[in-house]
Amino acid sequence: MPFITTRDGTEIFYKDWGAKTAQPLVFHHGWPLSADDWDAQMMFFLEHGYRVIAHDRRGHGRSTQTDTGNEMDTYAADVIALAAALDLKDAIHIGHSTGGGEVAHYVARAEAGRVAKAVLIGAVPPIMVQSEANPGGLPIEVFDSFRNQTATNRAQFFRDVASGPFYGYNREGAEVKQAVIDNWWRQGMAGGAKAHYDCIKAFSETDFTEDLKNIEVPVLLLHGEDDQIVPIADSALLGIKLLKHGTLKTYPGLPHGMATTHAETINADLLAFIRS
């Protein structure tokens, strides 16, 4: 399996499919998943002639189960190392949830010529946790509960998230797919509990405001209006106001995991933006 090794010795697993001369699309997964969460997108864009790349964030999937460096500065540094190792130029970075925060943090710091565009899907920026400066955010107790359940009963917690709010399977009339739930759980349990625990702070308390303001390339925000994990009112609806070249598209009734549940719709909108 292909890996790069970072400065601190962490091995980052990645997939790299397609012609190396094609425009690269780089996919960044959400918590607590892996590159496998992008299967529907990677197969679609590979068939459309793009070079598709996805990595397992440190502590997740097949990458080293780190007990340090599980925060956004190091996540972005890992992406910088990956982009350098693969010599990625004119790339389009696409991030979901926590991966959207990682994209914002990386793109705001990327070398000139590395990034052409960015996409944030159900993404955590500008900041999730509630504070005086962010009164519409989620209370810290929500994330404390995530931490407690991750530390004490991760296997059951991951079942509950996947079978409930992540895909909107707790909504009346939802078409529940057990295989999707099982695949979410499989990806989550492949990673390290310590890294997952630390990552909760990274995705909930990192303030991406300045990152969004500093991004010079076009950015597409896609967000489900029934996102129960990253509520749209305190994420995309605020983030779009901070971007210099931002476009927002929302989806009535769609959940946080809409890139899986409604892959055909999301892929078509991604392709239109990439080609524009």
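The values are calculated or read from the model by the stated rules, or taken from the named source; none is laboratory data. Just so it is clear, the model here is predicted, and its values are computed rather than measured. Neighbour counts are summed over all protein chains in view; Cβ atoms, including those assigned to glycine, are modelled from backbone coordinates with ideal geometry. Just so you know, the surface numbers come from the protein's heavy atoms only, side chains and all, with ligands and any DNA or RNA stripped out. Shrake-Rupley method; radii C 1.70, N 1.55, O 1.52, S 1.80 Å.
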Residue in region 69-79 that is more than 19 Å from the chain's Cα centre (by Cα), over 26 Å from THR260 (Cβ atoms) and among the polar types (S, T, N, Q) present: no
Residue within region 211-223 that is over 30 Å from ILE274 (Cβ atoms), open to solvent by 70 Å² or more (accessible area, probe 1.4 Å) and of a type outside the set (Ser, Thr, Tyr) present: no
Pairs with Cβ under 7 Å, 6+ apart, first in region 89-106 and touching a residue at least 12 places away in the same chain (Cβ under 8 Å), second among the aromatic types (Phe, Trp, Tyr) and open to solvent by 10 Å² or more (accessible area, probe 1.4 Å): SER97/TRP31; THR98/TRP31; THR98/PHE203; GLY101/PHE203
First in region 194-208 and surrounded by 22 or more Cβ atoms within 10 Å (Cβ to Cβ), second anywhere and aliphatic (A, V, I, L, M) and in a helix (DSSP H, G or I), Cβ under 6 Å, 6 or more apart: ALA202/MET72; THR206/MET72; PHE208/ALA104
Which listed residue is out of contact with any Lys or Arg (no Cβ under 9 Å at 6 or more places or on another chain), part of a loop (DSSP other than H, G, I, E, B), polar (S, T, N, Q) and modelled with pLDDT of 95 or more, from ASN148, ASN170: ASN170
